[in-house]
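S.K.: Before I ask anything, let me first share the structure, which is written out below as structure tokens.
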Amino acid sequence: MSLENLLKLSIGDLFLKFPYTKDFFIDHLVPYKGHENYTINQLFNNMDEEVIEDNAINTELFISSLVEYIELMNSYFASEQVVENTVTIYPGTYKDGTDENFTKIEISKGEIISIVGPTGSGKSRLLADIEWAANEDTPTKRKVLINGRVLEPHERFSASNKLVAQLSQNMNFVMDLSVREFLDLHATSRMVENKEEMIIKIYDKANELAGEGFSEDTPITELSGGQSRALMIADTAILSKSPIILIDEIENAGIDRQKALELLISEDKIVLMSTHDPILALMGDKRIVINNGGIESVIETSEEERSILSKLENLDKTLMDMRNRLRLGKRLKFEEEL
Amino acid sequence: MDLITVSGPPSSGKTSVLIKTIENFLKRDISVGVVKFDCLFTDDDIYFKKLGIPVKKGLSGSLCPDHYFVSNIEEVVEWGLKENVDVLITESAGLCNRCSPYIQDIKAVCVIDNLSGINTPKKIGPMLKSADIVVITKGDIVSQAEREVFTMKVQSVNPKAIIMHVNGLSGQGAFELSTFIHDETKHVDTLEGMKLRYPMPAALCSYCLGETRIGKSHQLGNIRKIDLSDIK
């Protein structure tokens, strides 16, 4: 939409053509009610100076921002179809400047990759390199290709097309909303067409993942740790646009982690997990080992390791059962097969 | 010398973000000076000094800090030139959500945080709406969905800005920010003749001048009354 064409439209027609522009007027405190037949210039020309001053409206900035907003929203809808299939990482350097010892790492959608290494080894930097689609311009000098190509600057820094969504232990809900209102708000801001369907899907999935179910009317700030995590994961899997999900340790309590990972994979996400939990790490296809700021090696999960997984899961289950028995006020018994 | 003006609501994380960003500048051998503006008190200058860089602070006291900022910015620029820094950063808090210390053609950065509530972007006036770069902080403690919704709200009030997420504690995103906010080709020698991006609010009444007594007979100057009538 060119500026010229925009200025020809009446405000009512503008709202019909681009429904989201109505919120733009509201957010910029521009009163339009009763003047829908005006063009934007007529609206401002007939507006009281005092209103303009009181609402801190900058008419020129408002109009040029509106043009930009419409463009942004259009590109937002257009890019909906683009799917990121692969991420390719080319080596950079360690903290001390020596070269990393690998040719390239390719990650495809539906894959789960664990990232392991001591605290401060450079896990966050690797994730940031991926998030920013580094082009030899970050401290590690790594190069990250998305779908086999270097991203254009506007793609790298676009706020609405962020590559990476993050989930971590420390994250909490802070809004004063019920589960339903919260999902509605997120779906609205994403401007999805089948909103109702999405909300129900997320709610059902979250309840599947959570140990204890919760109702739609529960305030999100009152959810238990497990319930919050379940809702965050289901919501991120289904509603977040970011193709890559980064998980920073998810705790065991009150959430089915295997199902959670399956859900993310089924939504075609690439899952990167920073974890030292053997069960989670073995659920991954491979793990990237980081040390001294560099990628030391990439280990594929072997058959042998996978066979340990079921044993670990049994151990984990035993611990969980014990925990539940404690909670219910029962005595603990030592079982031989443990 | 490049000049960068940073502002944002109190406690949004401006200083933490700046410290992490400056560390990245220093690693690349870019020298930095900081002038911190505040109202009654600040010890942020101590944190900046720990980086070993030249720091000054200005307390506006009984004046509006943003008005105080504009009336001192020229001298601040002269100080930066004297210190011979590559980048001069000013930091000020927008206390009334209406002011904005941004200057035309000078890089303007607004810092706001995810915890401030989704209606906050709408409440903050020109300080957010006319910024070139918006830095969103505290993303590490809220959910992905809340981050996304908040980002959309910011984008809808300022679609022109580059929006970045920076973690003031871990420094995640600070390197990227440091590559954005500094333009090596930009040289500011004086602000003479430059203009503010948006006029500061008009307010001049008896209370600005120290009046403490309540009552109509003590109200002089620019006075406006709240509408408490029942008619809608």
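The values are calculated or read from the model by the stated rules, or taken from the named source; none is laboratory data. Fair warning: this is a prediction, and the values are worked out from it, not measured in the lab. Neighbour counts run over all protein chains shown; Cβ positions are idealised from the backbone, glycine included. These area figures cover heavy atoms from the full protein model, side chains too; ligands, DNA and RNA do not enter into them. Shrake-Rupley method; radii C 1.70, N 1.55, O 1.52, S 1.80 Å.
S.K.: Based on what the data block shows, is B:Lys225 open to solvent by 70 Å² or more (accessible area, probe 1.4 Å), within 13 Å of chain A (Cβ to nearest Cβ) and farther than 23 Å from A:Phe182 by Cβ?
M.R.: No: the conditions fail for B:Lys225.
S.K.: Which one is farthest from the other protein chains (Cβ to nearest Cβ) among residues in the stretch A:135-147 that are open to solvent by less than 50 Å² (accessible area, probe 1.4 Å) and in a loop (DSSP other than H, G, I, E, B)?
M.R.: A:Arg142
S.K.: Provide a single number: the residues in the stretch A:86-134 that are open to solvent by 40 Å² or more (accessible area, probe 1.4 Å), over 23 Å from A:Leu261 (Cβ atoms) and part of a strand (DSSP E or B).
M.R.: 2
S.K.: Can you name the residue in the stretch A:41-77 that is under 21 Å from B:Met152 (Cα atoms) and charged (D, E, K, R) and, of all such residues, is most open to solvent (accessible area, probe 1.4 Å)?
M.R.: Per the criteria, the residue is A:Glu71.
S.K.: Kindly establish whether B:Thr179 is away from chain A (no Cβ under 14 Å), open to solvent by 40 Å² or more (accessible area, probe 1.4 Å) and of a type outside the set (D, E, K, R).
M.R.: Criteria not met by B:Thr179.
S.K.: Do we have any residue at all in the stretch B:103-115 that's modelled with pLDDT of 90 or more and facing another protein chain (nearest Cβ under 10 Å)?
M.R.: Yes; the residues of the stretch B:103-115 include at least one that is modelled with pLDDT of 90 or more and facing another protein chain (nearest Cβ under 10 Å).
S.K.: Another one. Name the one entry in A:Lys195, A:Lys201, A:Lys205 that is open to solvent by 70 Å² or more (accessible area, probe 1.4 Å), away from chain B (no Cβ under 12 Å) and of a type in the set (Lys, Arg).
M.R.: Exactly one residue qualifies, and that residue is A:Lys201.
S.K.: Filter the stretch A:164-184 for residues that are part of a loop (DSSP other than H, G, I, E, B) and at pLDDT 85 or above and give the result.
M.R.: Result: A:Met171, A:Phe173, A:Val174, A:Met175, A:Asp176, A:Leu177.
S.K.: Taking A:Leu6, is it surrounded by 14 or more Cβ atoms within 10 Å (Cβ to Cβ), modelled with pLDDT of 90 or more and in contact with a helix residue (DSSP H, G or I) (Cβ under 7 Å, 6 or more places away or on another chain)?
M.R.: no
S.K.: Can you tell me which residue in the stretch A:109-151 is nearest to the chain's Cα centre (by Cα), limited to those that are among the small types (Gly, Ala, Ser) and under 20 Å from A:Val289 (Cβ atoms)?
M.R.: Looking at residues that are among the small types (Gly, Ala, Ser) and under 20 Å from A:Val289 (Cβ atoms), I get A:Ala128.
S.K.: Here is a list: A:Glu249, A:Glu262, A:Glu296, A:Glu216. Which entry is assigned by TED's automatic domain parsing to the domain that holds A:Tyr94, free of Cβ contacts under 8 Å to residues at least 24 places away in the same chain and not aliphatic (A, V, I, L, M)?
M.R.: Testing whether each residue is assigned by TED's automatic domain parsing to the domain that holds A:Tyr94, free of Cβ contacts under 8 Å to residues at least 24 places away in the same chain and not aliphatic (A, V, I, L, M) leaves just A:Glu262.
S.K.: Test each condition in (1) over 22 Å from B:Val85 (Cβ atoms); (2) open to solvent by 100 Å² or more (accessible area, probe 1.4 Å) for B:Asp189 and report the one that comes out false.
M.R.: The number of the failed condition is (1).
S.K.: Just give me the residues in the stretch A:226-283 being within 12 Å of another protein chain (Cβ to nearest Cβ), open to solvent by 30 Å² or more (accessible area, probe 1.4 Å) and outside any strand (DSSP E or B), in sequence order.
M.R.: Correct list: A:Lys241 only.
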